[in-house]
1. Evaluate the following for V21: is it at pLDDT 95 or above, of a type in the set (A, V, I, L, M) and surrounded by 19 or more Cβ atoms within 10 Å (Cβ to Cβ)?
2. Of all the residues that make up region 211-227, how many are in contact (Cβ under 8 Å) with a residue 40 or more places away in the chain and either touching a Cys at 6+ places or on another chain (Cβ under 9 Å) or open to solvent by 30 Å² or more (accessible area, probe 1.4 Å) (or both)?
3. Just for region 91-132: of the residues that are in a loop (DSSP other than H, G, I, E, B) and open to solvent by 70 Å² or more (accessible area, probe 1.4 Å), which one is nearest to M192 (Cα to Cα)?
4. Would you mind stating whether T202 is outside the structural domain of Q78 (by TED's automatic domain parsing), in contact (Cβ under 8 Å) with a residue 40 or more places away in the chain and of a type in the set (S, T, N, Q)?
5. Only residues in region 54-75 that are within 11 Å of D87 (Cα to Cα) count as the first member; pair them with residues that are part of a loop (DSSP other than H, G, I, E, B) and open to solvent by less than 10 Å² (accessible area, probe 1.4 Å), Cβ under 8 angstrom, at least 6 apart or cross-chain, and list the lot.
6. Which of (1) over 30 Å from P178 (Cα atoms); (2) crowded, with 18+ Cβ neighbours inside 10 Å; (3) modelled with pLDDT of 90 or more does T69 not meet, given it meets every other one?
7. Checking the conditions here, which among F88, F57 is open to solvent by less than 20 Å² (accessible area, probe 1.4 Å) and more than 23 Å from L161 (Cα to Cα)?
Amino acid sequence: MLKAQFDHTNCSDCPIRHRAVCAHCDVDELEALEGIKYYRTFEAGQTVIWSGDQMNFVGSVVSGIASLTQTMEDGRTQMVGLLLPSDFVGRPGRETAPYDVLATTDLVMCCFRKKPFETLMGSTPHIAHRLLQMTLDELDAAREWMLVLGRKTAREKIASLLSIIARRDASIAPKQKPGPIVFDLPLTREAMADYLGLTLETVSRQISALKKEGVIELEGKRHVTIPDMRRLMDEAGDDSDGGFLV
């Protein structure tokens with residue numbers, strides 16, 4: 001792990017404050033968290049923690065994306081999840097990490113020392129309740145992702161992933177006027193292929209098709225504009241209300 005600290009403002013100015021585990025905390029509770037909090041930064045490609053390792057912290061992704069990876073006995077690996085800004089890393093009450101956590105992009109995490117955090121959960125219902133909400137949301141997302149991987153076409157998989165990232169980016173960013181959604185795609189096409197179980201060629205071909213048909217606009221390889229979110233959701237095979245996998 002990098003030992004560099006993240007120079008950040010106080011909790012009230014945190015960009016993920018309204019979605020993170022501390023979302024419902026009052027001033028006193030935030031002060032208690034402040035006493036056990038520290039920031040860590042990781043470079044793209046760096047391992048945050050290995051599966052089976054002792055995990056002495058929990059925390060939230062502030063910026064960037066991390067992947068959860070499972071490795072089989074014969075060395076094969078499968079990306080089983082993505083951690084986006086405001087997602088929680090680690091499990092109170094569990095001593096070791098269940099998955100490899102890898103920084104897919106440059107990553108900033110707001111970490112809490114694990115034992116004090118577990119103690120604080122017992123005396124701070126707002127934290128425990130919010131963590132329960134986030135865990136249930138994660139369970140819903142995992143079930144929905146089973147549908148993406150198991151039943152959707154390559155085109156629908158790509159559209160689904162783009163819509164997930166777009167809606168999460170919009171939920172973290174300051175409120176914008178209605179209109180096109182603009183964001184920088186944080187994943188390489190190779191990472192998208194790995195996560196979706198597709199070949200690199202298929203990912204590139206489907207992104208090109210979505211661009212050609214005007215479903216997305218692409219500047220370079222990463223800067224994405226979605227003119228009509230409902231149309232993208234239709235391409236993903238999901239309800240047009242965008243209520244899936246936030």
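1. For V21, the condition - at pLDDT 95 or above, of a type in the set (A, V, I, L, M) and surrounded by 19 or more Cβ atoms within 10 Å (Cβ to Cβ) - is not met.
2. Summing the residues that are in contact (Cβ under 8 Å) with a residue 40 or more places away in the chain and either touching a Cys at 6+ places or on another chain (Cβ under 9 Å) or open to solvent by 30 Å² or more (accessible area, probe 1.4 Å) (or both) in region 211-227 gives 2.
3. Within region 91-132, the first condition is being in a loop (DSSP other than H, G, I, E, B), and the residues that meet it are 91-95, 97-99, 104-106, 124.
Next, from what is left, pick out any that are open to solvent by 70 Å² or more (accessible area, probe 1.4 Å): 91, 94-95, 99, 106.
Working: R91: 26, R94: 30, E95: 31, Y99: 19, D106: 16 Å.
The qualifying residue nearest to M192 (Cα to Cα) is D106.
4. yes
5. Note: pairs meeting the criteria are S60/I16; S60/A20; S60/V21; S60/S86; V61/I16; V61/S86; V62/I16; I65/L187.
6. Going through (1) over 30 Å from P178 (Cα atoms); (2) crowded, with 18+ Cβ neighbours inside 10 Å; (3) modelled with pLDDT of 90 or more one by one, T69 breaks only (3).
7. On the way: F88 fails: more than 23 Å from L161 (Cα to Cα).
On inspection, the qualifying residue turns out to be F57.
The values are calculated or read from the model by the stated rules, or taken from the named source; none is laboratory data. Bear in mind that the values here come from a model prediction, so they are computed numbers and not experimental data. Glycine also receives a Cβ, built like all others from the backbone with ideal geometry; neighbour counts cover every protein chain displayed. Heavy atoms of the whole protein, side chains included, go into the accessibility calculation; ligands, DNA and RNA do not. Shrake-Rupley method; radii C 1.70, N 1.55, O 1.52, S 1.80 Å.
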